[in-house]
Amino acid sequence: MPNESACPSAIDSSRIMATPGPLAQAWRRLNSNRLAVVSGVILTVIAVVSILGSTTSFVQRHDPAAQAYTDATGTNNTDRSPNRVNWLGTDGLGRDIWARMLQATFFSLRIGIGAEAVIVALGISLGLLAGLGGQRTDRIIVWITDLAFAFPDILMIILVRQVLLGRDWPILGAGSPQIPGVPSALLLTVIAISIVSWVTICRLVRGQILSLHGQEYVLAARAAGASPWRTLRVHMLPNAISPVIVAITFGIPRNIFAEASLAFIGLGVPPPFASLGSLMSDGRAHLQTNSLLVIWPALAVAMLMLCFTFLGDGLRDALDPRSRRQRRASIGLAPRHR
């Protein structure tokens, strides 16, 4: 009897079982990208330190709103350079910059992530509605997205924020919107950024859904009797979610930068809250005497944007390896085999 292992048609079941799935392969490709891994580690450290600094006095060390014009010896404590007591120095009111940086970073991260969560929910819903709702619905949503793209983002965010700020909200309470545990300034900024920035996710999801309509596995699922909801949930959404994940990593730093731009022109969060943009705006008046008041928050914004950008680039290469091969081919580099 011939040896089955010598036959070319023999199936090595152990090799098939050992073949990693798509998610495992994407995770392996992401781990091989050192720049993306380092960026993810830095973002994790920044997030953990800012959260601990906003919740525990051990990391915060000083009250970010406490003003101290003189220290214990009576020496002037304003606009001090970094020292043992104040690691990053003090501002013009004697407040500790380290404590204010922790508070501002946590506030900016909440704005970036919170706005992106609303953007993703709104963009995916409208994108699915445009891709599956028929030609008339698709035409209306495309017209709305084109109209939203016609306005400058910062100008629209300023307009929406000022309109929301001047309204009374009987359901949420008088004045600006209120949610227990969430500052009104944070909620206003999240709403203003979300209303403007949902169009990119919407267009992305719409394009993905329209491209998947004619795929063989979608047609086979429909022919097998699968309901439209099951076809969307099981076969279409998992194949359309990869570019959305990449867009999220690029959207969070964009939201942080939008909030910093608003704060820098005087439309940021009011005291006693602080964001990275408001710290830069406050330090602009002391630029000649204490430039560190602008340098520290500017470095934090730059670090966050760079890390999110590198992480998003790594996720794009991991989830869609064809994009990496195409970019390498466009600049004349040979493809890398793993």
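The values are calculated or read from the model by the stated rules, or taken from the named source; none is laboratory data. Just so it is clear, the model here is predicted, and its values are computed rather than measured. Cβ: placed from backbone, ideal geometry, glycine included. Neighbour counts: every protein chain shown.
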Condition broken by Ser227, with the remaining ones in (1) closer than 24 Å to Arg316 by Cβ; (2) of a type outside the set (Val, Ile, Thr); (3) surrounded by fewer than 17 Cβ atoms within 10 Å (Cβ to Cβ) satisfied: (1)
Taking the stretch 262-286 as the region of interest, how many residues are polar (S, T, N, Q), assigned to a helix (DSSP H, G or I) and closer than 17 Å to Leu187 by Cα? 1
When you scan the stretch 211-227, how many residues do you find that are within 15 Å of Val244 (Cβ to Cβ) and not hydroxyl-bearing (Ser, Thr, Tyr)? 1
Candidates Arg206, Arg254, filtered to the one that is under 21 Å from the mean Cα position of the chain (by Cα) and farther than 26 Å from Trp27 by Cα: Arg206
Would you say Ile46 is touching a residue at least 12 places away in the same chain (Cβ under 8 Å), surrounded by 17 or more Cβ atoms within 10 Å (Cβ to Cβ) and assigned to a helix (DSSP H, G or I)? yes
Would you point out the residue of the stretch 79-119, among those that are crowded, with 22+ Cβ neighbours inside 10 Å and among the hydroxyl-bearing types (Ser, Thr, Tyr), that is farthest from Val49 (Cα to Cα)? Thr90
Answer yes if at least one residue in the stretch 76-94 is closer than 18 Å to Phe273 by Cβ, among the hydrophobic types (A, V, I, L, M, F, W, C) and at pLDDT 80 or above, and no otherwise. yes
Can you find a residue in the stretch 273-281 that is in contact with a strand residue (DSSP E or B) (Cβ under 9 Å, 6 or more places away or on another chain), within 30 Å of Asp91 (Cα to Cα) and at pLDDT 80 or above? no
Could you run through the stretch 208-239 and say how many residues are in a helix (DSSP H, G or I) and of a type in the set (Gly, Ala, Ser)? 4
Ala285: touching a residue at least 24 places away in the same chain (Cβ under 8 Å) and surrounded by 20 or more Cβ atoms within 10 Å (Cβ to Cβ), yes or no? no
